[in-house]
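Each remark here refers to the structure printed beneath this line.
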Amino acid sequence: AMLRASLRQVSAALKEGRVTPTELCQRCLALIKSTKFLNAYITVAEETALKQAEESEERYKRGQPLGSLDGIPIAVKDNFNTAGIETTCASNMLKGYISPYNATVVQKLLDQGAVLLGKTNLDEFAMGSGSTDGVFGPVRNPWSYSKQYKEKSVPKCPSEDEESNWVITGGSSGGSAAAVSSFTCFAALGSDTGGSTRNPAAHCGVVGLKPTYGLISRHGLIPLVNSMDVPGILTRCVDDAAILLGSLAGHDPKDSTTIQDDFKPFELPDLTDVSKLSIGIPKEYHAPGLSNEILALWSKAADLFKNAGAKVVEVSLPHTHYSIVCYHVLCTAEVASNMARFDGLEYGHRSDLKDSTESMYAATRREGFNDVVRGRILSGNYFLLKQNYEKYFVKAQKVRRLIANDFVKVFRSGVDVLLTPTTLSDAAPYMEFIQEDNRTRSAQDDILTQAANMAGLPAINVPAALSERGLPVGLQFIGRSFQEKQLLAVAKWFEKQVQFPVIQLEEVKRHDSDVFQHQKSASFS
């Protein structure tokens, strides 16, 4: 039961001595082993985690815990640098790479006594929306093995079994979302460039927070798109996301894009009166491909606020239609620049081909990167060519400003928070998802989320309901810059109203004797 508790509950249990950090760590590690088939983790740092748990136990015995995260098992996406633990970005290019330093967010967690269980799976270099394109294989959605999904999923043909019926986690932080959803950790770090935290959170039935750009340090997060990357937070409830945000936010001298002011952690208020709130419904988010089911849920959520006394208004973000194309140009351009550092000389993979420096460069990058990464580098370099720079990159930057201004105008009109869908539909079966290429899939899956990254705004996915197939569906709240407290308070109110059903994970036996032994339900309270 302890593994299903919230951060606040488990922190209280640790302080009261009802469970020790070592016991908690051992239970999580045992569950990671029995859920290995989910492929949520790339590296499990068992020895390090147990050592950290023992140190935490000593602090509790002395009555000197470092804070509310002391002794709490947490996982980190494998594109954050961790000293002494391999950081691969799910790529052959970085297989075996061990960073000499910790990312700032990782260091902050460790400084507060958190226990780092391991590094979670992702799309290679975080380029994707399914967590299916990493070198370590795809991540399986824990809901594929839930009672809710099994009762409603009917095989399309008699020969179809659960082996071919499992659904994706979304991406690119799918490993972190699956880790939180399957109770192997209490919270996890992801990264969010165009929706990579919120998308898997929606598909895995967890809370996914993308903070305001600059609120949390990017130092040590291996960059994808410097101007949009944000460390993301994945938890089982909104309160837990607020606790983690309070621990991670604030100025970092190693990241010049972070805020200069000190960040004061806050306790989320319990909203009882929403009558002073103005909720905006952007009409452009009724995007092509949006399922009727999610459209109905979105409408129902708007009615929920309206019936509770909030002002619900339709708003327009007119440049939304251009956002995905604009995002693609800017994303690939920055990717091309960032990926240039992987040349086989300083760190990571180096080809054995030594005919010349140029041939070694070329062979290293061909062997180290997958087709998706190489394709984005190619696109980005095309957009950055001298004859194309003004036509594509500069024009995309101008459109990005227009998109950001759309949000500014809406918030100036008196709207407090925007309510939108997070994804177009529930999670797709893996076999169906891989029928389309990564570029097509990412364009579809990022359509509702990437605008918040281009505008640098905070956004959060809150699990809202189960689809007709028994899979999670989430809704997204977008707030004003640096107004996380208001955004999270609204999200918490909504979470309380919808009472998202708990995942009922059944015992699953597979041909390789892996067993999913978690039979009880989770608690979001």
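The values are calculated or read from the model by the stated rules, or taken from the named source; none is laboratory data. Computed from a predicted structure; not experimentally measured. Note that each Cβ is placed from the backbone with ideal geometry, even for glycine, and that neighbours are counted across all protein chains shown. Just so you know, the surface numbers come from the protein's heavy atoms only, side chains and all, with ligands and any DNA or RNA stripped out. Shrake-Rupley method; radii C 1.70, N 1.55, O 1.52, S 1.80 Å.
Some notes on this structure:
- Of all residues making up the stretch 82-94, the number that are open to solvent by 10 Å² or more (accessible area, probe 1.4 Å) and in contact (Cβ under 8 Å) with a residue 40 or more places away in the chain: 3
- Those helices (runs of 4 or more DSSP H) of the stretch 15-117 in which 2 or more residues are closer than 17 Å to G175 by Cα occupy 21-34.
- A search for C-beta distances below 7 Å between a residue of the stretch 312-326 that is in contact (Cβ under 8 Å) with a residue 12 or more places away in the chain and among the polar types (S, T, N, Q) and any residue that is open to solvent by 50 Å² or more (accessible area, probe 1.4 Å) and in a helix (DSSP H, G or I), counting only pairs 6+ apart in sequence or on different chains, returns S316/K283.
- Residue list for the stretch 305-344, filter: hydroxyl-bearing (S, T, Y), over 19 Å from H286 (Cα atoms) and over 22 Å from the mean Cα position of the chain (by Cα): S337
- Filtered by the rule that a residue be in contact with a helix residue (DSSP H, G or I) (Cβ under 9 Å, 6 or more places away or on another chain), part of a helix (DSSP H, G or I) and either closer than 30 Å to G96 by Cα or modelled with pLDDT of 90 or more (or both), the stretch 138-162 gives P142, W143, S144, Y145, Y149, K150.
- The selection criterion, being open to solvent by 10 Å² or more (accessible area, probe 1.4 Å), out of contact with any His (no Cβ under 8 Å at 6 or more places or on another chain), at pLDDT below 95 and farther than 18 Å from S144 by Cα, does not hold for F482.
- The condition (being open to solvent by less than 10 Å² (accessible area, probe 1.4 Å) and touching a helix residue (DSSP H, G or I) at 6+ places or on another chain (Cβ under 8 Å)) is satisfied by just one residue among V135, V106, V180: V180.
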